[in-house]
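Quick one: the structure is below, and I'll ask about it shortly.
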Amino acid sequence: MATHFAASGQPNGWMSRETSLLFAVGLTFVLLVTFTWVLTRVRKPDALAGSLLAMLYVVMGVLFSVNAAVLNYNRYGSPLNVVPAIMVVFIAALAVVAVALGSKRGPELPRHAEVTEAEEVHSSPLWAVAFAVLTAVELGVIVVVPLPGLRFVMALPGLLLLGVTALAGSGFHYRFTAHGVEISTLGFRLRSIPLQSIRTYAIASWNPLGGYGIRGMGERRAYVWGNTGVRIMLSDGEVFLGHREPGRIMNDLNLIRQNQKVRENTRSESY
């Protein structure tokens, strides 16, 4: 039976019925195990965990839809059009990215008479170049695809790759103020950490298997493009700030804490 199709919808790959069944069941099993493992690592579910769960249902629904379309093609000769299914997956992925950027931001730090005591940038030119190459490859594929609908669908991951390229190149900006730490990228505020919520912090390594960029769900978040940084334990979770020179982050955190103590002592003496 035909199991693989060109962009035009014409079959270009075949399997036996038994092999096709094993492939479909195996792929379903792998996806279910992967999503289950990811979600079991969430201690306190949040909006991002919920969006990933919804993404799981979308992916599984699309998988079953494509399998049914392949069966209908082989049994009845029905035309195969997977463009709508692929579009749904990419739109769902963009929705998850939007939730990741918008969740766990926390209230904006006060800005009246605000003075930035220190500022750091954590970027990765290497990752930026790698994603730029992938973006160029994606654009090349879009050019050669003959179907306008499929071109539009392929443009969605192209936009996603372009955004990741810009994010890696611009990096994460850490602003240390009298009220806490603000994390942003491309001018967008990702997270605000009030100074009073910081409990402890220490230099730590980052496991590459955890991925790069904005990572974590539930009470954990990481902003990282490398393998070193500072892990900050908060009253309601933890945040990992990636940096090539984590000692600089430690010094900045020590600075705003020391300055807070000086201000508190000054106020107490004035009374």
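Please compute the modelled spin-label separation between S65 and A2, points set 7 Å along Cα→Cβ, answer in nm with one decimal.
Placing both labels 7 Å along Cα→Cβ, they lie 2.0 nm apart.
Take every Cα pair under 8 Å in the chain that's 6+ residues apart, average their separations, divide by the length, and report that relative contact order as a whole percent.
After rounding, I find 16 percent.
Restricting attention to segment 194-271, which GluC sites (Glu not before Pro) occupy a DSSP loop and are surrounded by at most 16 other Cβ atoms within 10 Å?
Answer by residue number: E219.
Quick one: grab the alpha carbon gyration tensor of the chain, order the square roots of its eigenvalues as a ≥ b ≥ c, and give me rounded if a/c is under 1.5, else prolate or oblate depending on whether a/b is larger than b/c.
Because a/c hits 1.5 or more and a/b exceeds b/c, the chain counts as prolate.
Further question on the same structure: Sorted by accessible area (1.4 Å probe), largest first, how do L39, L126, L234 line up?
Sorted descending by solvent-accessible area, the residues read L126, L39, L234.
What is the percent carbon and sulfur in the accessible area of segment 46-155, measuring with a 1.4 Å probe over the protein chains and ignoring ligands?
74
Then there is this: How much accessible area per residue does the chain have, in Å², with a 1.4 Å probe?
On a per-residue basis, the chain sits at 56 Å².
Quote the relative contact order of segment 87-243 in percent (integer), defining contacts as alpha-carbon pairs under 8 Å separated by 6+ residues.
Computed value for segment 87-243: 22 percent relative contact order.
Relative contact order of segment 1-107, please, whole-number percent, based on alpha carbon pairs below 8 angstrom and at least 6 residues apart.
Relative CO of segment 1-107 lands at 26 percent.
The values are calculated or read from the model by the stated rules, or taken from the named source; none is laboratory data. Everything numeric in this text was worked out from a predicted model, so none of it was measured. Virtual Cβ from ideal backbone geometry, glycine too; neighbours counted across all protein chains shown. Heads up: the accessible areas ignore ligands, DNA and RNA and are worked out on the full protein's heavy atoms, side chains in. Shrake-Rupley method; radii C 1.70, N 1.55, O 1.52, S 1.80 Å.
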